[in-house]
Amino acid sequence: MDQYMILKDYVSSADAETALFYVIAILAISLSVGVISDRNIIRSGFILIGVFGAISGLFLMLQAQFLALAQVMIYAVGITLVVVIALMLTNPRSEREAVITEGDEFSQETGAVQFIQRLQQGTPAFVAVFSFFTIYLAIRSESWTPVTEKVSTDNVKVLGEALTTVYSLPFEFASVLLLAALIGAIMLAKAEKRQPAIESAED
Amino acid sequence: MIPNAPEIGKLLFIICFWICAIFLPVWLVSWAVGVLLPMLLEQGSPSMAMTATAETLRALTPIISVMVFIPINAMFMVLYERRALALFTVRLGPNRVGPDGLLQTAADAVKLLFKEDITPRGADAFMFTLAPIIFFAPSIFGALPLLAAITNNHSLYQITNLPTGIFYILAAASLPVVALVMAGWSSNNKYSLVGGLRAAAQAISYEIPLVLSLVTVCLMAGSLDVVKIAQQQDGGILNWNIAGGGALRGLDKAIQTKLGVETTPLITPQQSSDPTETPVAAPTTFEEVIHQYYPFEFLSYISAGVLIFCSFILLGLYLTGACAEINRIPFDLPEAESELVSGYNTEYSGIKFAIFFLAEFTNLFIVSSIATVMFLGGGDNPIPQWLLNKMPLEPIQKSLGAILSPFINGLHLIDPDTFWAAFWVIFKVYTFVFIAILIRGTLPRFRIDQLMDFGWKRLVPLSLIAFLVVVFARVLVVCHG
Amino acid sequence: MGSNLIGRAFESFKRIGEGLRTVLMHSFREPITKTYPDTVSQIAPHFRGRLALSVNPDTGEHLCISCRQCERVCPDKCIEITAHKSPETNKLELIDFKIDHGLCMFCGLCTEVCPTTCIINTNDFEMADYTRESLVYDLRRLTLTQEESAFYFEAKDMPKPKPKPPKPAPGAAPAAGAAPAGAKAAPVGAKAAPAEGAKPAAAAADAAKPAESAKPAAAPAEAAKPAAAPLEATKPAEDAKPAEAAAKPQDSSTEPAKTVGDTTAKPEEKPTASPEVKEAEKEKAPEQGADADKKEG
Ligand code: SF4
Ligand code: SF4
């Protein structure tokens, strides 16, 4: 491996790493702004895939290869795609109609109701700001100890051990939650039984 | 004797010609970029900048060789497919452009490049352009780890190897479906949209058996590293993963000890393989070796058989899943010509359509090479070591070595390690491609509900069962990993 | 259920394997493709290809009697006949016969109704052309040679027409003399024809036919026949055309005469297409048409 000495030094230097981090971070942030600002909901779904990709790039920089790839494979492709398809199958043009009806409603309502509705509109913004600060403070707090030594290249082994020893209980809980969601989805989606009257009529 | 001998001969000629036309440029370019230029740069003044340039060139070799490889390979595969399909359907196939239609697809490619690039009205132009790019990009960077595996870990390609190689390849292989949905949606065409939706549904369902089958192979091999997996299978057909993931390795070793054959490599004196040494100091008799590898006597024999059976099932699962993943014919619902007028690429023309086309055939090649590396031992020759040593290959090797030694030692044009590995990989991969074409010529298209049924009710349970069986059977036999 | 499932799985594997084997075995069969331009397969004599007007294979007279049956029956109205009554013989005489092959659907109704089996479907199907206009075939391009007519009469098993009663005319000798004299003489002959009547000119052409160099004369004679009629003053164009046509083949007079309707008669219209048409004609020539697998040099 000595044939890439200089190159390796350069790539793993702090400067290059920082530059790469900022590139990926800016990409992720601008894409996420795109997700919430794009008028077309399906387009923002596709942009969301890009956001997940950028975040998996961040994972890659932290040498969590397995996590990064799982992020791409499951979140970026699997889940987001299903969401996008669900959007396509429902009503891709609903957002325009919604805007129009909202405007109509506003003109008809009285001042007090209007105020309440404004307040309702403000709620998501409030929640967003609140959670942003929560996360920000959590990250800035002193309980995080930076790790300087190299992470083991065998990601999978470390992850597997963690999941089956220390974090086995949360892992199982998550599985049960997913199972419950799955069963619930099946119950919701299951076709209703036909009325016996109709069946006899068909016969 | 065979009435169709001339046609078959022509097909073979086309294959030989095109394989030379693919791999000679790839070989020469990668040699020029990876060996010759750095050598010249470093020879003069060993300054810092020179060395850095040389290293950059070396590091870029894999991607450059892939870029050279992909277009030529796609041209060949299209021609190969068309000629072979013509054979199966008792036709002649393209035979006008160039001798015996040799240059047909090259002409097609030129034609496609000069066609007008149309964006339909009402289409989302940005997404419409982005879709082919996203479709094509994974086939360039996704297969890179495979390069290290199929060139027998050549020093120039080692850089592409990853500890999570196969997972990386799978993640990259799952990306194109996003592009298909994007293409379908942005075309502003109902057929395209339906094609895109079908592509997504199909890819998500068939990814599960595909991934599970490969995970099971990784479990047999005990690694996610494709180079490691390929190197474990060195030494003849009995060591390949298709033969139970190393379940027959003991038999191979036992026969070797019985015949008293020294383990000598095929053509080179220094084969860098075989990282898994035999655990105990070499046992001497047939029975001892057998006992060492199959410790539970009868139970071990049975589980070896089960493993072999399972690995065949896994190969079948993998090929089925891969067929669905790359939309080959029994699963080509997203681009069904007869129902959806080519589905997601209805609206594409000119160079964008060419990119879709290119990526599709490249994906077929990648899928076949994954099968080769994971199941058929990568660049390993199928003949067991003990049989090989019985063959009178020594004089041929000597004379070949004498002739080629200036190339090997002086110019580093030929790497004997890589040369034979590449030869076998090419052979195996195009055999898989041939099987894909044969299946295309035979099976009709699935209906969408049959497709979903088959995926979720048959393949997923089967892959889970195979996974479980392998987990238990593997304990009783000494396998790879 | 489990065993049933496994049994079905094996069954389907067997079926798929059978299918794959069958398909693979197909590759050892000889391909049934005919490489078309190299190998032209034999076309059935009743194949409904390009329309043509036949001549009497024995005497070379044009068989059309201008009865307009075909024009009437054609569903697409793609036949256009120009004829007039000759004052001398009191019979209809053909001036021009146009079929728009771009419009024709090759139903063959016109060939059914033709009382003299004049209009027939030939085996020619290679009519691709560069313009729509060139798909409109006029009398010259429609009329077959004697040999071709003979071939089709035989192939289609049609009764041979009786020759019309010969009518020797005084003008025969000079016209016949003029025709072999070559291209220079031809205009003279054509000009002379109107003065002396149509029939003689036709007879002259018939007489001259065996001679190779008679071809230039044949075309003008055909065309001149109607023009010969009454009004020289009102039909100068008709007159000039055959003369021009006669003058044109000067260069090609050495090559064997194939058809009366050979395209050499109208080279100014589509010079690029004419060799192709000639080639097609060559292929359709009786002795070659019978030999299906003969390769074109
Ligand atoms: S073949 Fe039919 S369509 Fe053609 S000219 Fe004769 S009658 Fe008209
Ligand atoms: S039916 Fe026959 S004879 Fe009558 S005009 Fe037509 S081609 Fe001439």
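The values are calculated or read from the model by the stated rules, or taken from the named source; none is laboratory data. Only a predicted model underlies this, so the values are computations on that prediction, with no experimental measurement involved. Please note: Cβ atoms are built from the backbone with ideal geometry, for glycine as well, and neighbour counts cover all protein chains shown. Ligands, DNA and RNA are excluded from the accessible area calculation, which covers all protein heavy atoms including side chains. Shrake-Rupley method; radii C 1.70, N 1.55, O 1.52, S 1.80 Å.
Tabulated data
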| quantity | calculated |
| --- | --- |
| Selection within the range B:58-93 - touching a residue at least 24 places away in the same chain (Cβ under 8 Å) and open to solvent by 40 Å² or more (accessible area, probe 1.4 Å) | B:L60, B:I63, B:I64, B:M67, B:P71, B:M75, B:T89 |
| Tabulated pairs, the range B:119-145, first free of Cβ contacts under 8 Å to residues at least 12 places away in the same chain, second among the β-branched types (V, I, T) and assigned to a helix (DSSP H, G or I), C-beta under 7 angstrom, 6+ apart or interchain | none |
| Residue identified as within 11 Å of ligand 2 (Cβ to nearest atom) and out of contact with any strand residue (DSSP E or B) (no Cβ under 9 Å at 6 or more places or on another chain) among C:T131, C:T111, C:T116, C:T59 | C:T116 |
| Members of the range C:89-105 that are in a loop (DSSP other than H, G, I, E, B) and at negative phi | C:T89, C:K91, C:H101, C:G102, C:L103, C:C104, C:M105 |
| Test: residue in the range C:166-185 that is under 18 Å from C:L53 (Cβ atoms) and either modelled with pLDDT under 80 or open to solvent by less than 20 Å² (accessible area, probe 1.4 Å) (or both) | no |
| Output for the range C:95-108, where each listed residue is in contact with a Lys or Arg (Cβ under 6 Å, 6 or more places away or on another chain) and either modelled with pLDDT under 85 or more than 16 Å from ligand 2 (Cβ to nearest atom) (or both) | C:G102 |
| Output for the range A:48-59, where each listed residue is at the interface with chain B (Cβ under 10 Å from one of its Cβ atoms) and among the aliphatic types (A, V, I, L, M) | A:I49 |
| Residue selected from the range C:72-83 under the condition more than 9 Å from ligand 1 (Cβ to nearest atom) and in contact with a strand residue (DSSP E or B) (Cβ under 6 Å, 6 or more places away or on another chain), by the criterion nearest to the other protein chains (Cβ to nearest Cβ) | C:E80 |
| Selection within the range B:179-209 - more than 9 Å from chain A (Cβ to nearest Cβ) and open to solvent by 10 Å² or more (accessible area, probe 1.4 Å) | B:N188, B:N189, B:K190, B:Y191, B:V194, B:R198, B:I208 |
| Only one of A:L58, A:L27 that is open to solvent by 80 Å² or more (accessible area, probe 1.4 Å) and part of a helix (DSSP H, G or I) | A:L27 |
| Residue match in the range B:171-178 (condition: away from every other protein chain (no Cβ under 12 Å), over 20 Å from B:Q232 (Cα atoms) and open to solvent by 30 Å² or more (accessible area, probe 1.4 Å)) | no |
| Filter result (open to solvent by 20 Å² or more (accessible area, probe 1.4 Å) and not in a helix (DSSP H, G or I)) within the range B:329-360 | B:V341, B:S342, B:T346, B:E347, B:S349 |
| Residue count, the range B:206-230 (criterion: touching a Phe, Trp or Tyr at 6+ places or on another chain (Cβ under 6 Å) and over 16 Å from B:G316 (Cα atoms)) | 1 |
| Residue pairs meeting the criteria (Cβ under 7 Å; at least 6 apart or on separate chains; first acidic (D, E), in the range C:68-83; second near ligand 1 (Cβ under 6 Å from one of its atoms)) | C:E71/C:I79; C:D76/C:C104; C:D76/C:M105 |
| Sole exception among (1) in contact with a helix residue (DSSP H, G or I) (Cβ under 8 Å, 6 or more places away or on another chain); (2) crowded, with 18+ Cβ neighbours inside 10 Å; (3) within 16 Å of C:R50 (Cα to Cα) for C:L109, by number | (2) |
| Qualifying residue in the range C:68-88 (condition: within 16 Å of ligand 2 (Cβ to nearest atom), part of a loop (DSSP other than H, G, I, E, B) and under 16 Å from C:T117 (Cα atoms)) | yes |
| Condition broken by B:N4, with the remaining ones in (1) open to solvent by less than 40 Å² (accessible area, probe 1.4 Å); (2) more than 30 Å from C:E30 (Cβ to Cβ) satisfied | (2) |
| Qualifying positions in the range C:112-141 - buried (at least 18 other Cβ atoms within 10 Å of the Cβ) and within 11 Å of ligand 1 (Cβ to nearest atom) | C:C114, C:I119, C:I120, C:N121, C:Y137 |
